[in-house]
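As structure tokens, the structure follows; a few thoughts come after it.
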Ligand SMILES: Cc1ncc(COP(=O)(O)O)c(C=O)c1O
């Protein structure tokens, strides 16, 4: 394969509106190679994204220059740490167009955000016989916390089914809404099928039925423009590490009145206004939900990631990744005989392509690709019920990001042909 950092596309893919070739220089890891000397072909961005220098330096800068705790210190470096931490709240609010930074609660990841809502809002608002509507395509993070809530509170879960093309069946969703659910929770973009769901329409339908809505934006915020006000959602969650930020960073957005009415999730320092031996008063939002010392460096890094994405422009990011999905859906079936692809057409999907080579376990596929420096994920991608829906034990998944170039999809096709050859298929 040619030098990915410097060459232009040799493929038929339409020109992208952002220039992935020049921005690849921002990601130092892309200059590395594996134990066989093969350059890194990173196609696992849905698991976690690579980090640009701006993020690496933001984390490093905190640790080197102003490492101190936030909100308490009255000396220079502590004030600097608080400022940088709170600046991230402003940047993240801007990225998703939240009405105010105080509605952004910092968490470690999307999983923690959903657990926060399930524990705090769910246990207060879900009662015996109440229904929560989810979909068959949810990541375990947006399923298991709700299982715990309904088990404890004696409620029920219902699921919006999907078509064979991986599209939510909205006509069934409409029927499920007749049950007057208290909450509807669904992913904006499926991490296995890549499906981009019609979230605005789904929120409207849920609200008309009197339900609140939680949107899992873990695979959306890094890839498509998100405007929580336009979506009309009540809760919106995402992880920093999938949006070019560090692991250990993430956010929950919720409407002020919901956050104010919710009891704390975790208790301890920082989340209180007053503490007495037998009672305490909670701090204002968002601090009420941020007990203890957070991962300050990681959240500051997430702020740098939000700046980086906004600098690229989310419309351009979306256009680039849609082009990659279209290219993959065209090239893989043509170049890899027998490959099975899952999910909808490129117009309806993000930069995610799950697949199987018949008769070859995806773990074997991933292991052989690894020799060529190609990183794909193999397994159930934390969507076991979705795999059951398609009668699959596992799939391999290639997923893209701003730094992905069509040549990497070409490399995947070559690698998959090699896998088939080794297995004599
Ligand atoms: C759609 C979706 N939701 C939630 C999560 C959970 O994210 P995290 O592990 O960062 O909490 C993931 C992670 O892959 C995901 O893809």
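What follows is calculated from the coordinates using simple rules that are stated; it is not laboratory data. Keep in mind that this is a model prediction, so the values were computed, not measured. Quick reminder, even Gly has a Cβ in these numbers, built from the backbone with ideal geometry, and neighbours come from all protein chains shown.
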>> What is the ratio of the Cα radius of gyration of the chain to 2.2 N^0.38 Å, with N the residue count, to two decimals?
In response: 1.00
>> Test of understanding: what is the full-extension gain from residue 275 to residue 128, defined as 0.36 nm times their sequence separation minus their Cα-Cα distance?
In response: 49.5 nm
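Show me the ranking of peptides 412-425, 137-150 by mean Cβ neighbours inside 10 Å, starting with the highest.
137-150, 412-425
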>> Between the stretch 117-150 and the stretch 216-261, what is the separation of their alpha carbon centroids in Å?
In response: 18
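Could you order the peptides 190-196, 277-283 from most to least packed, using the average number of other C-beta atoms within 10 Å per residue?
190-196, 277-283
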> What is the antiparallel percent of DSSP beta bridges lying wholly in the chain, to the nearest 5?
Replying inline: 60
> What order, most packed first, do the peptides 199-209, 373-383 have when packing is the mean number of other Cβ atoms within 10 Å of each residue?
Replying inline: 373-383, 199-209
>> I'd like the distance between the alpha-carbon centres of the stretch 338-402 and the stretch 265-306, rounded to an integer number of Å.
In response: 38
> Relative contact order, percent, of the chain when contacts are C-alpha pairs under 8 Å separated by at least 6 residues?
Replying inline: 23
>> Taking 0.36 nm per residue of sequence separation and subtracting the Cα-Cα distance, how much length would be gained by fully extending the chain between residue 200 and residue 172, in nm to one decimal?
In response: 8.4 nm
>> Just to confirm the number: angle between the C-alpha axis of helix 406-422 and the first principal axis of the chain, 0 to 90 degrees, nearest 10?
In response: 60
> Which whole-number percentage describes the relative contact order of the stretch 107-163, with Cα contacts under 8 Å and a sequence gap of 6 or more?
Replying inline: 42
>> Could you tell me the calculated FRET efficiency between residue 164 and residue 247, based on Cβ-Cβ distance and R0 = 45 angstrom, to the nearest 0.05?
In response: 0.80
> Which stretch or stretches of the stretch 245-260 have amide N atoms under 20 Å from the point lying 7 Å from residue 310's Cα along the Cα→Cβ direction?
Replying inline: 245-246, 249-256
>> With the crude spin-label approximation of a point 7 Å out along Cα→Cβ, what separation in nm comes out for residue 260 versus residue 53?
In response: 4.6
> Between 406, 161, 337, which gets the highest mean-square fluctuation from a Gaussian network model of the chain, Cα cutoff 10 Å?
Replying inline: 337
> Is it possible to state the helix-based mean residue ellipticity at 222 nm for the chain, with each DSSP H run of 4+ residues giving -39500 (n - 2.57), the sum divided by total residues, to the nearest 500 deg cm²/dmol? What is it?
Replying inline: -11000 deg cm²/dmol
> What percent do you get for the relative contact order of the stretch 323-379 when only Cα pairs under 8 Å and 6+ apart count?
Replying inline: 27
>> Nearest 10 degrees is fine. How inclined is helix 53-65 to the longest principal axis of the chain, computing both from alpha carbons?
In response: 40
> By how many nm would the segment from residue 63 to residue 154 grow when fully extended, if each residue of separation counts as 0.36 nm and the alpha-carbon distance is taken off?
Replying inline: 28.1 nm
